[in-house]
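A quick write-up on the structure given underneath.
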Amino acid sequence: MSEFKEFSLEDEEYLLNLPYHLAQASMANDLYELITDFEFIEHKIFISSPQPLIEDYDFALTSDIQITEDKKDALKLIQGALRLSGHIVSEDNSQLAGQMLGRLSSYQMPAIQKTLKQAKQKRKSPWLHPITPSLRPPFSSLIRTLKGHTGDINAVTVTPNGHYIISAAAGLLLSSENTLKIWDFRTGAVLCTLTSHTQRVNAVVVTPDGQHIISASDDSTIKIWDFCTGQLLCTLTGHTKKVNAVVVTLDGQYIISASDDNTIRIWDFHAGNILVSLNAHTAAVTALALMPDGLQLVSGSKDKTIKVWNLTTCSEFFTLRNGITEVTTLAVTPDGKYILSGSNAIL
């Protein structure tokens, strides 16, 4: 694949850490030449993974490194292309050249054209490669793709500090996928997989203090997990059918869940017992949202209504009729003035 593969393990370790050492020595030109060299890019991905290489570009993009702005722009584009391609080349590094060509060939910067020329020259056997910039370029709306689940992903949330992503998935037929995964937001790496639900996981939230994960599933349960350890702390049982949605109050004291059993239940977070059951919906309750002040709850149902509840008195404020469509998802604007609803219906 590359002449780099002929190096010893000690030499490979040196090459892997070379960008860091060049940055520490302020050898800006050498660093720039190294991380725009396709052979080095290919080799580092081959013996490690895309993420360490992606981080190499950060060394060159700091203010302490004396690289001209136009060269830094080129480095940002190469780094962005590698980030977009990471989930593909981590599984098949032979796709690297095609990914780079497809994402970067429209940019005429010397460093990028040099890298792409090397990429084409490296492939000796016949291969298919883009002759036009046919793949999503860097700095478009998509930043990175996270790949790890094998089933449908039903829910995703971000921790309050913005450092981690938690996703919830459903297994395919005869699969045991029904899991949650914790991802590092910056690197896209899976840090932990949470397994205990026996059926598809429909919803996931993080407590306001960021210490606990709460999930809801078709197995009729709600589970509370320790975020730091991934340990299952508690399983809440009380719904008689699948649980579709879950939220946590702003003070972190209560969990609110919605189920196919037509009920909304309010749970004491610490004791794990049901405090109140709200029974006004006449069909499955599919969605929940809290008002920004945390004092009111919005629920949506297959009974084609949206209800607003006073959480202080656990009573219904009013009902909105959603016409002929079942409500599947809800959101509230940050100022609390508007409720948005979604449906599977095509109008």
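The values are calculated or read from the model by the stated rules, or taken from the named source; none is laboratory data. Everything numeric in this text was worked out from a predicted model, so none of it was measured. Positions of Cβ are generated from backbone atoms using ideal geometry, with glycine treated the same way; all protein chains shown enter the neighbour counts.
Below is a table of values for the structure above.
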quantity	calculated
Test: residue 288 is free of Cβ contacts under 8 Å to residues at least 24 places away in the same chain and in the same structural domain as residue 157 (by TED's automatic domain parsing)	no
Qualifying residue in segment 169-177 (condition: farther than 29 Å from residue 306 by Cα, among the hydroxyl-bearing types (Ser, Thr, Tyr), surrounded by fewer than 16 Cβ atoms within 10 Å (Cβ to Cβ) and out of contact with any His (no Cβ under 9 Å at 6 or more places or on another chain))	yes
Test: residue in segment 184-200 that is closer than 12 Å to residue 166 by Cβ, of a type in the set (Phe, Trp, Tyr), in contact with a strand residue (DSSP E or B) (Cβ under 7 Å, 6 or more places away or on another chain) and without any contact (Cβ under 8 Å) to a residue 40 or more places away in the chain	yes
Extreme residue, farthest from residue 252 (Cα to Cα), among residues of segment 300-331 that are hydrophobic (A, V, I, L, M, F, W, C) and either touching a Pro at 6+ places or on another chain (Cβ under 7 Å) or loosely packed, with under 11 Cβ neighbours inside 10 Å (or both)	324
Residue 80 over 25 Å from residue 15 (Cα atoms), under 26 Å from the mean Cα position of the chain (by Cα) and in the same structural domain as residue 26 (by TED's automatic domain parsing)	no
In segment 81-108, residue modelled with the lowest pLDDT [restricted to those that are touching a Lys or Arg at 6+ places or on another chain (Cβ under 8 Å) and closer than 19 Å to residue 34 by Cβ]	97
Unmet requirement for residue 234, which otherwise passes all of (1) under 22 Å from residue 256 (Cβ atoms); (2) within 14 Å of the chain's Cα centre (by Cα)	(2)
Scope segment 33-62; condition in contact (Cβ under 8 Å) with a residue 60 or more places away in the chain, more than 25 Å from the chain's Cα centre (by Cα) and assigned to a helix (DSSP H, G or I); matching residues	38, 39, 41, 42
Candidates 149, 129 - the one that is in contact (Cβ under 8 Å) with a residue 12 or more places away in the chain and in contact with a strand residue (DSSP E or B) (Cβ under 9 Å, 6 or more places away or on another chain)	149
Residue pairs meeting the criteria (Cβ under 9 Å; at least 6 apart or on separate chains; first free of Cβ contacts under 8 Å to residues at least 12 places away in the same chain and in the same structural domain as residue 243 (by TED's automatic domain parsing), in segment 265-280; second of a type outside the set (Ser, Thr, Tyr) and part of a strand (DSSP E or B))	273/236; 273/267
Only listed residue being buried (at least 21 other Cβ atoms within 10 Å of the Cβ) and outside any loop (DSSP other than H, G, I, E, B), chosen from 275, 297, 340	297
When residues of segment 300-324 are limited to those that are part of a strand (DSSP E or B) and among the basic types (Lys, Arg), the one nearest to the chain's Cα centre (by Cα)	307
Residue list for segment 150-171, restricted to those being farther than 22 Å from residue 208 by Cα and not acidic (Asp, Glu)	150, 151, 153, 169, 170, 171
